[in-house]
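K.L.:
Shown below is the structure under consideration.
The values are calculated or read from the model by the stated rules, or taken from the named source; none is laboratory data. Owing to the predicted nature of the structure, the values given are computational and were not obtained by experimental measurement. All Cβ positions, glycine included, derive from the backbone under ideal geometry; neighbour counts span all protein chains shown. Ligands, DNA and RNA are stripped out before the accessible areas are found, and what is left, the full protein with its side chains, is counted by its heavy atoms. Shrake-Rupley method; radii C 1.70, N 1.55, O 1.52, S 1.80 Å.
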Amino acid sequence: MTNTTSPKRNYALPIAIMIALFFMIAFVTGLQNPLGVIVKSQFELSNFQSQLGNLMNFLAYLCMGIPAGMLLQRIGYKKTALAAVTVGFLGVGITFVSGTMDSFPVYLAGAFISGFSMCMLNTVVNPMLNTLGGGGNKGNQLIQIGGVFNSTAATLAPVLGGYLIGDLAGARIANSNPVLFLAMGIFVLAFLVLLFSRIPEPYVVQKEKNARKDSHSAWSFRHFKLGIICIFIYVGVEVGIPNIMNLFMTDQVTGQGIDTTIAGSVVGTYWLLMLVGRFIGGVIGAKVSSRAMLTTAASIGILLMLLAIFMPTGNIVNMPVMRSDISFGFAEVPVNCLFLVLCGLCTSVMWGVIFNLAVEGLGKYTSAASGIFMMMVCGGGILPAAQSALADSVGFLNSYWLLVAGFAYMLYYALIGSKNVNTDIKTE
């Protein structure tokens, strides 16, 4: 196998490109949060129906995860990334068309196609950064640094979306056109940069040599199988926290009836705390094990979630938020929202550490594992949809019990499930 961490090679450019793609993934995915609020008002939908766009976006991962891993093995990182940004441009373009047509089905189609692109990009970015870092703590550190930029984009999307919504009663998908144009511009720029860049391809040739000889696969590793369940749950928790919180804050009947601009700022602050957490994770990632980081984050997440559920909604706090003009101010919100926002510090490091733990020791099976891993990101659509259905029946805050269970599983994976018990399998 090619030594991708040789000191004779300078991988600064490919690392920068992978990190930039991290930004794109979160920005386009994050648009589904404010769009969910818009379509709920525009088409008079239930909480569950308002999350269908988010569901379609993440169901694309279920359909494309394994094909994306196969594509990565066949044509490599660069061509897969080029195909992904092309599909992403098409998906965002269809979302724009849905605004001109005032069509909910076309909006869902745009979300679904955008999800294909996000899955393909994730399949490229995560194993590439892990490989360039040499795996282990260093690989985790690079993924955490990429996560900082991921969270930057995730912070901007709901804040800008909340600002563009304006009056919720008259909100339309077309209100988000400036953000959609920005996303399409980012895709065009990324395509041009990728086209003229050299990206190392560590696994393509080796896969061709060993394809007929392998009697094992990524599925042969217990810690990987438990890891893909963990990532399914994690992405659902990460997305469900802010999405349902946004519905809780803006709902005029059973929620709090908070202005959409303020609600967008609160949601943006959740993603901002994820940025802070990932920055910290990037700094300490080379010194603190992935298992220790996940154990700590899951434990604190359970505590914060329980506080959010049990605290009275009548307790109002003046919470610092990032406003639509990217400045800081204060917003009066129920204390429950404060605890939910603080969960962003916990969910911030989980993506990188779960991926790192799940593929540790897989060697030549890493590329295929990445495709399977991406398939399970569909949890980011399925769990919030299930939670929104619970919110329709038992209330917004009680629906968060589903996420408490999710944090509990992640704690189990950190303590027990992530241990590699299949070290006898050859991976070179």
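K.L.:
Select from segment 256-271 the residues that are open to solvent by 20 Å² or more (accessible area, probe 1.4 Å) and over 24 Å from ALA408 (Cα atoms) and list them in ascending order.
P.N.:
GLN256, GLY257, ILE258, ASP259, THR261, ILE262
K.L.:
Specify which of the listed residues (ILE425, ILE372, ILE416) is among the hydrophobic types (A, V, I, L, M, F, W, C), in contact (Cβ under 8 Å) with a residue 60 or more places away in the chain and either on the phi > 0 side of the Ramachandran plot or not in a loop (DSSP other than H, G, I, E, B) (or both).
P.N.:
Within the list ILE425, ILE372, ILE416, the selection yields ILE372.
K.L.:
So, one more: Consider ILE241 against the criteria (1) modelled with pLDDT of 90 or more; (2) open to solvent by 10 Å² or more (accessible area, probe 1.4 Å); (3) not hydroxyl-bearing (Ser, Thr, Tyr): it satisfies all of them except one. Which criterion is unmet?
P.N.:
(2)
K.L.:
A further question on this structure: Could you run through segment 33-55 and say how many residues are in contact (Cβ under 8 Å) with a residue 60 or more places away in the chain and either under 13 Å from SER117 (Cβ atoms) or not in a helix (DSSP H, G or I) (or both)?
P.N.:
The qualifying residues number 3.
K.L.:
OK, next. For a quick check of your reading of the model, give me the residue pairs whose first member lies in segment 82-100 and is free of Cβ contacts under 8 Å to residues at least 40 places away in the same chain, whose second is surrounded by 24 or more Cβ atoms within 10 Å (Cβ to Cβ) and not small (Gly, Ala, Ser), with beta-carbon atoms closer than 8 Å and at least 6 apart or on different chains.
P.N.:
ALA83/MET120; VAL87/MET120
K.L.:
Looking at LEU13, LEU59 in this structure, which one is assigned to a helix (DSSP H, G or I), of a type in the set (A, V, I, L, M, F, W, C) and modelled with pLDDT of 85 or more? First the steps, then the outcome.
P.N.:
Working: LEU13 fails: modelled with pLDDT of 85 or more.
Of LEU13, LEU59, the one residue that is assigned to a helix (DSSP H, G or I), of a type in the set (A, V, I, L, M, F, W, C) and modelled with pLDDT of 85 or more is LEU59.
K.L.:
Suppose the filter is touching a helix residue (DSSP H, G or I) at 6+ places or on another chain (Cβ under 8 Å), surrounded by fewer than 22 Cβ atoms within 10 Å (Cβ to Cβ), closer than 23 Å to ALA298 by Cβ and of a type in the set (A, V, I, L, M, F, W, C); does VAL404 pass it?
P.N.:
Values: touching a helix residue (DSSP H, G or I) at 6+ places or on another chain (Cβ under 8 Å): yes; surrounded by fewer than 22 Cβ atoms within 10 Å (Cβ to Cβ): yes; closer than 23 Å to ALA298 by Cβ: yes; of a type in the set (A, V, I, L, M, F, W, C): yes.
Against the criterion (touching a helix residue (DSSP H, G or I) at 6+ places or on another chain (Cβ under 8 Å), surrounded by fewer than 22 Cβ atoms within 10 Å (Cβ to Cβ), closer than 23 Å to ALA298 by Cβ and of a type in the set (A, V, I, L, M, F, W, C)), VAL404 qualifies.
K.L.:
Sticking with this structure for a sec: So, LEU71, is that one within 26 Å of ILE17 (Cα to Cα), among the aliphatic types (A, V, I, L, M), within 23 Å of the chain's Cα centre (by Cα) and in a helix (DSSP H, G or I) or not? Please lay out each step first, then the result.
P.N.:
Numbers: within 26 Å of ILE17 (Cα to Cα): yes; among the aliphatic types (A, V, I, L, M): yes; within 23 Å of the chain's Cα centre (by Cα): yes; in a helix (DSSP H, G or I): yes.
When the stated conditions are applied, LEU71 passes them.
K.L.:
Restricting the search to segment 341-357, which residues are farther than 18 Å from ALA157 by Cβ, part of a helix (DSSP H, G or I) and aliphatic (A, V, I, L, M)?
P.N.:
LEU342, LEU345, MET350, VAL353, ILE354, LEU357
K.L.:
Is there a residue in segment 78-89 that is closer than 24 Å to LEU182 by Cβ and open to solvent by 60 Å² or more (accessible area, probe 1.4 Å)?
P.N.:
Yes, there is a match, as at least one residue in segment 78-89 is closer than 24 Å to LEU182 by Cβ and open to solvent by 60 Å² or more (accessible area, probe 1.4 Å).
K.L.:
Within segment 336-351, restricting attention to residues that are open to solvent by 10 Å² or more (accessible area, probe 1.4 Å) and under 27 Å from GLY146 (Cβ atoms), which residue is modelled with the highest pLDDT?
P.N.:
LEU342
K.L.:
I'd like to know if segment 294-315 contains one or more residues that are outside any strand (DSSP E or B) and at pLDDT below 85. So that I can check it myself, show each step before the final result.
P.N.:
Of segment 294-315, the ones outside any strand (DSSP E or B) are 294-315.
Now restrict to residues that are at pLDDT below 85: none.
No, there is no match, as no residue in segment 294-315 is outside any strand (DSSP E or B) and at pLDDT below 85.
K.L.:
Which residues, taken from segment 281-293, are part of a helix (DSSP H, G or I) and farther than 21 Å from ILE231 by Cα?
P.N.:
VAL283, ILE284
K.L.:
Just for segment 219-259: of the residues that are among the charged types (D, E, K, R) and out of contact with any Ser or Thr (no Cβ under 6 Å at 6 or more places or on another chain), which one is nearest to GLU332 (Cα to Cα)?
P.N.:
The selected residue is ASP259.
K.L.:
Further question on the same structure: For segment 204-227, what are the residues that are open to solvent by less than 10 Å² (accessible area, probe 1.4 Å), hydrophobic (A, V, I, L, M, F, W, C), in a helix (DSSP H, G or I) and at pLDDT 85 or above?
P.N.:
Across segment 204-227, the qualifying residue is only PHE224.
K.L.:
Right, VAL333: in a helix (DSSP H, G or I), in contact with a strand residue (DSSP E or B) (Cβ under 8 Å, 6 or more places away or on another chain), surrounded by 17 or more Cβ atoms within 10 Å (Cβ to Cβ) and in contact (Cβ under 8 Å) with a residue 60 or more places away in the chain or not? Walk me through it before giving the result.
P.N.:
Values: in a helix (DSSP H, G or I): no; in contact with a strand residue (DSSP E or B) (Cβ under 8 Å, 6 or more places away or on another chain): yes; surrounded by 17 or more Cβ atoms within 10 Å (Cβ to Cβ): yes; in contact (Cβ under 8 Å) with a residue 60 or more places away in the chain: yes.
No, not satisfied.
K.L.:
Let me ask another. Return yes when ILE326 is under 23 Å from MET128 (Cβ atoms), modelled with pLDDT under 85 and open to solvent by 10 Å² or more (accessible area, probe 1.4 Å) and no when it is not.
P.N.:
It is false that ILE326 is under 23 Å from MET128 (Cβ atoms), modelled with pLDDT under 85 and open to solvent by 10 Å² or more (accessible area, probe 1.4 Å).
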